[in-house]
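The values are calculated or read from the model by the stated rules, or taken from the named source; none is laboratory data. In this text the structure is predicted, and so the values were computed from the model without any measurement. We place every Cβ from the backbone using ideal geometry, glycine too, and count neighbours over all the protein chains shown. Only protein heavy atoms, including side chains, enter the accessible area calculation; ligands, DNA and RNA are left aside. Shrake-Rupley method; radii C 1.70, N 1.55, O 1.52, S 1.80 Å.
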Amino acid sequence: QPSDSFCWVMLTLETIVLFLYPAICLFIVENNVIGTLFVVIGACSWLRDHFNAALVLEEVGSMDCITDSTKSKEWQKRSRLNTIVNEITRNRSHRLYASVLCLVVVLTLALFGFAVGDPEGTAGAAANVITTLPDFMYEPQDDLEYPTCTLGNGFSIKGSTTQMTDYVFLAKIAYQDPNLTQTVLNDWFGPGAATDMHDFVEAWKEEAGVPAIVSFKLIYFNETKAGVVSLRGTVTAWDALTDVQLWSSAAVFQGLRFFLPFGEVWNPILDNMVTLISRLQSSTLSRVGFYRETTKFVEYLKSNESMLELDAMAVTGHSLGGGLAIITGAQTNTTAVAVSGPNAMISRDTFKPPLTIDALNTKTFNIIPDRDLVPRLDDRARLFQEIRCRAPRNDADACHDSTRTLCEVLTACGTKNRPAICECAVLYNFDRPVPVDSSINTTFAEACKRLMG
């Protein structure tokens, strides 16, 4: 049986670590609203946990009649009765809720720890190299093309029309090593067609005081004087924390709507409920939203201050970058094409400035692969394109792969005047492309082996 001293020590540690320390941290970061709520709810939970019926019964109730020849056996019998009473007073749903809550807290703390240890993503940056083959091509598939293979009107960035493939490629290029970006652009669009404005972006970021963890590129098309801002997706733990901060409220209410009977009846007020939750965030935590910096940059480009001649403007990105593109596009009235990006219809009023339904429905477009969970966060706007995902069903995150998405659009819509990619057939088991003409003597396998090593 534990001694009284041991019980007091454990009670003190539990109170300090699980109650006082989190409360003090919340007030230190000036999150006073959440801190106050935590103190009130935490105090009630502390009292309920330490003065529940099972403990009172064990301490002063009829358990006194439970005796045995030795103190250890007597304590075991009382403990067994306490467990029985505890099972009655606290059902399985309470334990499930507590377990889920603890898991969320542990995962959040782990994300925060990784973010502090790897602030610029040097440990988690993914290799996003693609190997282009200009001598090979994909013909459009025999079945119907995606109706958005060719984008026109407000989505055009290169001539009268723009291929959806170009936007997927530009969203992916945000992950590219800056030293290789221009080479990849030349391979894709042709030499001199598009320019990576790396120095221009870095100079603006330094002048505006933008932190290094906010990563994006500006691609300038010299012939049409069009600019595309490509926003990087989730690479670092800070990026993951941004995902949680921006879309966790919408995801929670989506889950409740799914499980509640007739959950769809709550649709008209879901955005108001998410907005109410978001108001509990302090100004310190809300600064995690990278969209403030990307919106500021696009506004700068559209103003006369940038001294950059732009006749057309678009924003794109993959994953988190796609979600930020949707937000920035709606805030600045700029064309935005997201690839596997989380949406913003439910959470539209949580951003500053808020997003309008009309802007989301007319200025934003989301490319959504099958079985990809990320673009199913929040409710989608009116313009989107669902595409196939041919990955094995037991591979949970394969459909979120930007290279796989590029291969799907490239093979379904055809390469047109863009190069084929080795990785599509070699790594993702798509069909092999064919030579652009009969004069090509090298086979696809030989060409890829030579380029990929």
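Working only within segment 412-430, note down all residues that are in contact with a helix residue (DSSP H, G or I) (Cβ under 8 Å, 6 or more places away or on another chain) and either acidic (D, E) or open to solvent by 10 Å² or more (accessible area, probe 1.4 Å) (or both). Of everything in segment 412-430, those that are in contact with a helix residue (DSSP H, G or I) (Cβ under 8 Å, 6 or more places away or on another chain) and either acidic (D, E) or open to solvent by 10 Å² or more (accessible area, probe 1.4 Å) (or both) turn out to be K416, R418, E423, A425, V426, L427, Y428, F430. Against the condition β-branched (V, I, T), open to solvent by 40 Å² or more (accessible area, probe 1.4 Å) and farther than 19 Å from A174 by Cβ, how does V274 come out, does it pass? Here the answer is no, as V274 does not meet what is asked. Consider V337 against the criteria (1) touching a strand residue (DSSP E or B) at 6+ places or on another chain (Cβ under 8 Å); (2) of a type in the set (A, V, I, L, M); (3) open to solvent by 40 Å² or more (accessible area, probe 1.4 Å): it satisfies all of them except one. Which criterion is unmet? Tallying (1) touching a strand residue (DSSP E or B) at 6+ places or on another chain (Cβ under 8 Å); (2) of a type in the set (A, V, I, L, M); (3) open to solvent by 40 Å² or more (accessible area, probe 1.4 Å), V337 fails exactly one: (3).
Of all residues in segment 377-399, one or more are on the phi > 0 side of the Ramachandran plot and surrounded by 24 or more Cβ atoms within 10 Å (Cβ to Cβ). Residues that are open to solvent by 10 Å² or more (accessible area, probe 1.4 Å), under 28 Å from C399 (Cβ atoms), in contact with a Lys or Arg (Cβ under 8 Å, 6 or more places away or on another chain) and basic (K, R): does segment 355-370 have at least one? Looking for residues that are open to solvent by 10 Å² or more (accessible area, probe 1.4 Å), under 28 Å from C399 (Cβ atoms), in contact with a Lys or Arg (Cβ under 8 Å, 6 or more places away or on another chain) and basic (K, R), one finds none in segment 355-370, hence no.
In segment 238-256, is there at least one residue being over 30 Å from I346 (Cβ atoms), open to solvent by 40 Å² or more (accessible area, probe 1.4 Å), among the aliphatic types (A, V, I, L, M) and in contact (Cβ under 8 Å) with a residue 40 or more places away in the chain? Outline the logic, then answer.
Taking segment 238-256 as the starting set, the residues that turn out to be over 30 Å from I346 (Cβ atoms) are none.
No, there is no match, as no residue in segment 238-256 is over 30 Å from I346 (Cβ atoms), open to solvent by 40 Å² or more (accessible area, probe 1.4 Å), among the aliphatic types (A, V, I, L, M) and in contact (Cβ under 8 Å) with a residue 40 or more places away in the chain.
In the condition set (1) buried (at least 18 other Cβ atoms within 10 Å of the Cβ); (2) farther than 23 Å from N31 by Cβ, N267 is compliant with all but (1). Taking each residue of segment 200-220 that is open to solvent by less than 20 Å² (accessible area, probe 1.4 Å) and looking for partners that are of a type in the set (F, W, Y) with beta-carbon atoms closer than 6 Å, six or more apart or interchain, yields V214/F290.
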